[in-house]
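Right, one structure below, let's go through it.
The values are calculated or read from the model by the stated rules, or taken from the named source; none is laboratory data. Model, not experiment: these values are computed from the prediction. Methodologically, a virtual Cβ is constructed for each residue, glycine included, from the backbone with ideal geometry; neighbour enumeration extends over all protein chains shown.
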Amino acid sequence: MTEHIRPQPGILDIALYEGGAAHVAGVSDAVKLSSNENPHGPSDKAREAFSRAVHKLHRYPNTDHAALREAIGDMHKLDPARIICGVGSDEIIHFLCQAYAGPKDEVLFTEHGFLMYRISAMAAGATPVAVAERERTTDVDALLAAANKRTKVVFLANPNNPTGTMIGLAELERLATGLPKQAILVIDSAYSEYVEGYDGGAELATRLPNVFMTRTFSKIYGLGGLRIGWGYGPKHIIDVLNRIRGPFNLSTAQLETAEAAVRDVEYLDKCRSENARMRSWLAEALAERGVPSDTSCANFILARFADEAEAIACDLHLQGEGLIVRRVAGYGLPNCLRITVGDEPSCRRVAHVIGLFKAQYKA
């Protein structure tokens, strides 16, 4: 009988998303640097809000997310009516594909872009189209050349994961204004808080009718375990997305913890500063050991090796020392390892172990 129960065409062609590893066999205290998490965790104010939420577990959460949208609007100077909240920015990405792309449509993204773009496009029945980058950096001209009458959504992570590179606001606007009229540019700004003075594309999403911005609480806010994200853009897009959003997609604990987190500007500034300090140190330390990387604007380093064999060997060596990083062959970068910027002891340990590996590998 089971042969008669079949999913929609294309669903079984979707490769399962694999998150960063969290464990090493035989190692009880491994250091996880594979998922770009904030090594300092959430702020004390966020922790306190989460603890208080335990008293409301028997109550349904509100469906309009009004308090969280108001807090986000206050802190980012945005209209709360143009904000939607979801289960991580992943859910917002999924909403966008579900609402605007389908069979015979195309969804564009850069060749080393976030894997969920392809998955969400295929889940909606659309055709995913990967567009070449230039030296691991978004190529606006290539994206514009690839766009056509079938293009419905263009996803652009800025800064990009896993490369850490980004383009400027002028280039983002050139892309947005050059796309076909039916196409939406989605600026995935999951790592934008790590860039001093960068609004993640908020002003463009306020001014242009075809620009939408997604954000997350999983990175600098240290709330990856709670899965909270949000999107901002034209009211006509928000109205559409809310029609397919589940009414209780976020719990009270998620909503109230995120509200406390977004209002704690002092903690955010501290995390940004500490990340910038250790990111620069780690990049320089790896370069001194013969492992180059592009200038990263996020909370990770994309370490480049001579070939895939060396990258795999280094990863295995790191695992043997209880250090977990991320292989990124699935992103089209088989000769690279993505290394989260951890706390200072973790960064120093990674640099030391990679230095020992390079010396042995050459020998």
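The rows are residues; the columns are (1) modelled with pLDDT of 95 or more; (2) assigned by TED's automatic domain parsing to the domain that holds I119.
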position	(1), (2)
R245	yes, yes
E256	yes, yes
S296	yes, no
G330	no, no
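Condition first: closer than 30 Å to V131 by Cα and either at pLDDT 95 or above or touching a helix residue (DSSP H, G or I) at 6+ places or on another chain (Cβ under 8 Å) (or both). Can you find one or more residues in region 66-83 that meet it? Among the residues of region 66-83, at least one is closer than 30 Å to V131 by Cα and either at pLDDT 95 or above or touching a helix residue (DSSP H, G or I) at 6+ places or on another chain (Cβ under 8 Å) (or both), which makes the answer yes. For the condition acidic (D, E), at positive phi, more than 18 Å from the chain's Cα centre (by Cα) and surrounded by fewer than 19 Cβ atoms within 10 Å (Cβ to Cβ), E70 does not qualify. Scanning region 299-309 turns up no residue that is over 20 Å from the mean Cα position of the chain (by Cα), of a type in the set (A, V, I, L, M), in a helix (DSSP H, G or I) and surrounded by 20 or more Cβ atoms within 10 Å (Cβ to Cβ).
Taking the conditions (1) in a helix (DSSP H, G or I); (2) over 30 Å from T295 (Cα atoms); (3) in contact with a strand residue (DSSP E or B) (Cβ under 9 Å, 6 or more places away or on another chain); (4) polar (S, T, N, Q) in turn, S89 satisfies each one other than (2).
The number of residues in region 149-182 that are more than 27 Å from E37 (Cβ to Cβ), among the polar types (S, T, N, Q) and assigned to a loop (DSSP other than H, G, I, E, B) comes to 1.
Within region 320-331, track down each residue that is within 23 Å of A15 (Cβ to Cβ) and assigned to a helix (DSSP H, G or I). A329, G330, Y331 - these are the residues of region 320-331 that are within 23 Å of A15 (Cβ to Cβ) and assigned to a helix (DSSP H, G or I). Return yes or no: is F248 part of a loop (DSSP other than H, G, I, E, B) and within 20 Å of A81 (Cα to Cα)? It is true that F248 is part of a loop (DSSP other than H, G, I, E, B) and within 20 Å of A81 (Cα to Cα). Checking each residue in region 34-46 for being under 19 Å from A71 (Cα atoms), surrounded by 15 or more Cβ atoms within 10 Å (Cβ to Cβ) and not polar (S, T, N, Q) picks out P42, K45, A46. Restricting region 183-193 to residues that are outside any loop (DSSP other than H, G, I, E, B) and more than 12 Å from the chain's Cα centre (by Cα) leaves a set whose member that is farthest from P162 (Cα to Cα) is I184.
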